[in-house]
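*Asks:* Quick one: the structure is below, questions incoming.
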Amino acid sequence: MNNMQKIEISSPVRVEWWRGAVIYQIYPRSFVDSNGDGVGDLPGITQRLDYVASLGVDAIWLSPFFTSPMRDFGYDVADYCGVDPIFGTLDDFDALVGRAHDLGLKVIIDQVYSHSSDQHAWFGESRASRDNPKADWYVWADPKPDGSPPNNWQSVFGGPAWTWDARRGQYYMHNFLREQPQMNVHNPDVQDALLGVAKFWLDRGVDGFRVDAINFAMHDPELRDNPPAPCGTGIRTRPFDFQLKVHNQSHRDIPQFIQRIRDLTDQYPGRFTVAEVGGAEPEREMKAFTAGDTHFNSAYGFDFLYAEKLTPALVRKALEKWPAVEGTGWPSWAFSNHDAPRWISRWATADAHDAYARMAMLLFLCLRGNAIIWQGEELGLSQVDIPFDRLQDPEAIANWPLTLSRDGTRTPMPWAVQSEHGGFSPVEPWLPVGTANLARAVDRQEQDRLSLLNLTRKYIALRNAHPELRIGACKVLRADEKCLVLERSLGDQSILCLFNLSGRSVEWPAEAGAGGTEIETVNGATVGELPPYGAVLIGR
């Protein structure tokens, strides 16, 4: 596509609270440790909700806090309606929701519907025999005549997606760890049980769900082999990388289950649902999972999460996927999260850390869609290099040293620069804070008017003050090698958003013209000039 060609993305008609919202993701293990055991918890989050509210965000998203043996740190759920003691109690959760609502914050929680922990009572019953009431609640299959697994499916974390169980004399399936057996979501009884879980949390006052790995929720019942993947340019670190995942995930019946979830959430006005969708064809699935008014409200893929470089072309391509045509869902964006390495470490050089962070944060908050800020991004936290003997991430341990550890982005929040562990905990935390991140602690940045923390507050306030930025139409006027120009508009109001994503000055783009009023400038940019990592918003 010609760089000068305009891409128009119209604004929606309806405006719900979540449309254009800024959502702050909290990883409970790493936010605040209130009881001195080195692990964050729900009371700790509640203590710091005033800080989160001060950012100006609309909602928080809590990563799993459910009862779990923690083989995958909460994404292996042993009780969907319980709080793991390491995080607190149900009363602590209720107190968190109450305090959040008092502060005007919505509360979104994770739901994990594709698999449970092997310690879940459902799996315990299912594996006991082939004829018990829950025998078909998980994916079981007989071995091949030679005793080998039923097919060639591979797990994300390495090795076959099948584990032998002597109780039933069968294999059970797991797309992730062997301790995370795959639920048979084709089974209506399983769907009913999962909807019962959702209702439990809706009745406790949650405002929505982020649904984990939803495209893994159903498999091919015929158990056909996956075909081999063509050779690519990347390094293959796992057997999973050698296959096209066409039969172990992304089944055509998943949208029907999503409709049932939506039917439930619609009984609770104002609730919001967003799906995580990865894989080889995320665009197709995200559209199917958010189609019309009968599916999820929003979805996010991995457009930015693992990108080695942020380019104008990447932004243009991501925005192109979500034209606001009838029946198309609403996008959500994340630059980093609990699984993906921090964007500042992927995209910025060490000498340009602060300048790049200012530009990228403003760009992020100018995109059409919801903005999901991963805890610490507002501080400019970088990826921490975790030594092997401190690794917690099972995937990183299994595939060392070729798989980037997820631990490096999950390190504790630094609250106080003079505290040994950053004010996160009075004792050695479960992961190190990181020296560079300690220097970016909240208390230090609070005192600096031009810190990224205070600029993030300013940018969110700017977004909230201008409906053009929150819900308006979007045109990509330029996306060349260095320069990105967006036009956000609503009614007769418009804002030009100009960004120089390079370390060199660029010529003022002709598309921007002259005139207008400066609304915001970054890194010395002015109307007519875009210095390195400069950005300027112009109202018209």
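*Asks:* Do the conditions hold for residue 383, that is, is it open to solvent by 20 Å² or more (accessible area, probe 1.4 Å) and closer than 30 Å to residue 72 by Cβ? Break it down into steps so the answer makes sense when it comes.
*Replies:* Numbers: open to solvent by 20 Å² or more (accessible area, probe 1.4 Å): yes; closer than 30 Å to residue 72 by Cβ: yes.
Yes; evaluated as a whole, the condition is true for this residue.
*Asks:* Which condition does residue 82 not pass, out of (1) more than 27 Å from residue 453 (Cα to Cα); (2) in a loop (DSSP other than H, G, I, E, B), if it passes all the others?
*Replies:* Only one criterion is unmet by residue 82, namely (2).
*Asks:* Check whether at least one residue in the stretch 300-307 is within 16 Å of the chain's Cα centre (by Cα), modelled with pLDDT under 95 and not in a loop (DSSP other than H, G, I, E, B), and report yes or no.
*Replies:* Yes, some residue in the stretch 300-307 is within 16 Å of the chain's Cα centre (by Cα), modelled with pLDDT under 95 and not in a loop (DSSP other than H, G, I, E, B).
*Asks:* Right, residue 97: in contact with a Phe, Trp or Tyr (Cβ under 9 Å, 6 or more places away or on another chain) and either among the β-branched types (Val, Ile, Thr) or surrounded by 22 or more Cβ atoms within 10 Å (Cβ to Cβ) (or both) or not?
*Replies:* No, not satisfied.
*Asks:* If you take the residues in the stretch 152-183 that are of a type in the set (S, T, N, Q) and open to solvent by 10 Å² or more (accessible area, probe 1.4 Å), which one is nearest to residue 222 (Cα to Cα)?
*Replies:* The selected residue is 152.
*Asks:* Within the stretch 352-402, work out how many residues are at pLDDT 95 or above and in a helix (DSSP H, G or I).
*Replies:* 16
*Asks:* Of all residues in the stretch 141-151 being among the small types (Gly, Ala, Ser) and farther than 18 Å from residue 247 by Cα, which is surrounded by the most Cβ atoms within 10 Å (Cβ to Cβ)?
*Replies:* 148
*Asks:* Among the residues that make up the stretch 423-430, is at least one of them in a loop (DSSP other than H, G, I, E, B) and within 30 Å of residue 159 (Cβ to Cβ)?
*Replies:* Yes, the conditions are met somewhere in the stretch 423-430.
*Asks:* Filter the stretch 249-266 down to residues that are free of Cβ contacts under 8 Å to residues at least 24 places away in the same chain and part of a loop (DSSP other than H, G, I, E, B) and give me whichever is most open to solvent (accessible area, probe 1.4 Å).
*Replies:* The qualifying residue most open to solvent (accessible area, probe 1.4 Å) is 252.
*Asks:* Here's something else I'd like to know. Could you list, in sequence order, all residues of the stretch 334-348 that are among the hydrophobic types (A, V, I, L, M, F, W, C), outside any loop (DSSP other than H, G, I, E, B) and surrounded by fewer than 22 Cβ atoms within 10 Å (Cβ to Cβ)?
*Replies:* 347 - this is the single residue of the stretch 334-348 that is among the hydrophobic types (A, V, I, L, M, F, W, C), outside any loop (DSSP other than H, G, I, E, B) and surrounded by fewer than 22 Cβ atoms within 10 Å (Cβ to Cβ).
*Asks:* Pull up the stretch 311-328, narrow it to residues that are in contact with a helix residue (DSSP H, G or I) (Cβ under 9 Å, 6 or more places away or on another chain) and crowded, with 22+ Cβ neighbours inside 10 Å, then point me to the one that is farthest from residue 19 (Cα to Cα).
*Replies:* Going through the qualifying residues, I end up with 315.
*Asks:* Name the residue that is most open to solvent (accessible area, probe 1.4 Å), counting only residues in the stretch 33-42 that are touching a residue at least 40 places away in the same chain (Cβ under 8 Å) and among the small types (Gly, Ala, Ser).
*Replies:* Taking the candidates together, the pick is 36.
*Asks:* Does the stretch 437-458 contain at least one residue that is within 25 Å of residue 330 (Cβ to Cβ), among the hydroxyl-bearing types (Ser, Thr, Tyr), in contact (Cβ under 8 Å) with a residue 24 or more places away in the chain and open to solvent by 20 Å² or more (accessible area, probe 1.4 Å)?
*Replies:* There is no residue in the stretch 437-458 that is within 25 Å of residue 330 (Cβ to Cβ), among the hydroxyl-bearing types (Ser, Thr, Tyr), in contact (Cβ under 8 Å) with a residue 24 or more places away in the chain and open to solvent by 20 Å² or more (accessible area, probe 1.4 Å).
*Asks:* Given the options 426, 414, name the one that is more than 25 Å from residue 274 (Cα to Cα) and either of a type in the set (Phe, Trp, Tyr) or open to solvent by 40 Å² or more (accessible area, probe 1.4 Å) (or both).
*Replies:* Numbers: 414 fails: either of a type in the set (Phe, Trp, Tyr) or open to solvent by 40 Å² or more (accessible area, probe 1.4 Å) (or both).
Just one listed residue meets the conditions, 426.
*Asks:* Checking the condition at pLDDT 95 or above, of a type in the set (S, T, N, Q), closer than 25 Å to residue 361 by Cα and open to solvent by 10 Å² or more (accessible area, probe 1.4 Å), which residue from 30, 68, 54, 63 passes?
*Replies:* Numbers: 30 fails: open to solvent by 10 Å² or more (accessible area, probe 1.4 Å); 68 fails: closer than 25 Å to residue 361 by Cα; 63 fails: open to solvent by 10 Å² or more (accessible area, probe 1.4 Å).
Going through 30, 68, 54, 63 in turn, the sole match is 54.
*Asks:* Which members of the stretch 490-516 meet the condition of being at pLDDT 95 or above and either in a helix (DSSP H, G or I) or crowded, with 21+ Cβ neighbours inside 10 Å (or both)?
*Replies:* Within the stretch 490-516, 495, 496, 497, 498, 499, 500, 501 meet the criteria.
*Asks:* Only one of 57, 32 is in a loop (DSSP other than H, G, I, E, B), in contact with a Gly (Cβ under 6 Å, 6 or more places away or on another chain), of a type in the set (A, V, I, L, M) and farther than 18 Å from residue 339 by Cα; which?
*Replies:* 32
*Asks:* Oh, and also: Yes or no: the stretch 471-486 includes at least one residue that is under 25 Å from residue 55 (Cα atoms) and charged (D, E, K, R).
*Replies:* No, that holds for no residue.
The values are calculated or read from the model by the stated rules, or taken from the named source; none is laboratory data. What you see is a predicted model, and the numbers here were worked out from it, not measured in a lab. Here the Cβ is made from the backbone with ideal geometry for all residues, glycine too, and neighbour counts use every protein chain on show. Just so you know, the surface numbers come from the protein's heavy atoms only, side chains and all, with ligands and any DNA or RNA stripped out. Shrake-Rupley method; radii C 1.70, N 1.55, O 1.52, S 1.80 Å.
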